[in-house]
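None of the figures in this text is laboratory data; all of them are computed from the coordinates on show. What you are looking at is a predicted structure, and each value in this text was computed from that prediction instead of being measured. Backbone-built Cβ (ideal geometry, glycine too); neighbour counts: all protein chains shown.
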Amino acid sequence: MAKDKCIMCGKETAYDFETHIDYRTGYIEGAGQLCATCYTQGTNRNHIAVPEYIIEANPNDLELGGKIRELYWQSKK
Ligand SMILES: [Zn+2]
């Protein structure tokens with residue numbers, strides 16, 4: 001059976017499409033299913049802005065990820 005995907009991150013959740021919402025945790029009516037990680041994040045919806053030039057200057061996704069994490073930690077100082 002196909003698993004429902006998380007509406008926040010797109011990962012597969014623990015629930016089948018056929019599972020009734022009364023038997024699920026993290027289902028938001030009108031929106032959809034959240035995975036356990038996104039559900040436990042709760043109302044923590046903080047974001048950081050990534051300048052476009054950083055994305056354009058880093059064609060390698062791994063390096064781009066590193067730059068974004070660097071920005072993230074800088075924002076925490
Ligand atoms: Zn998720």
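Quick look at the numbers
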read-out: Chymotrypsin sites (Phe, Trp or Tyr not before Pro) within the chain, DSSP loop, no more than 11 other Cβ atoms inside 10 Å; value: 17
read-out: 222 nm mean residue ellipticity, helices alone, for the chain (DSSP H n ≥ 4; -39,500 (n - 2.57); rounded to 500); value: -10000 deg cm²/dmol
read-out: Loop-located GluC sites (Glu not before Pro) in the chain whose Cβ has at most 16 other Cβ within 10 Å (DSSP); value: 18, 29
read-out: Euclidean distance of C-alpha centroids, segment 1-50 and segment 62-76, integer Å; value: 25
read-out: More than 17 Å apart - percent of Cα-Cα pairs taken over the chain; value: 59
read-out: Acute angle (nearest 10 degrees) that the helix 61-75 long axis makes with the longest principal axis of the chain, alpha-carbon atoms; value: 80
read-out: The chain, relative contact order [Cα under 8 Å, separation at least 6], %; value: 21
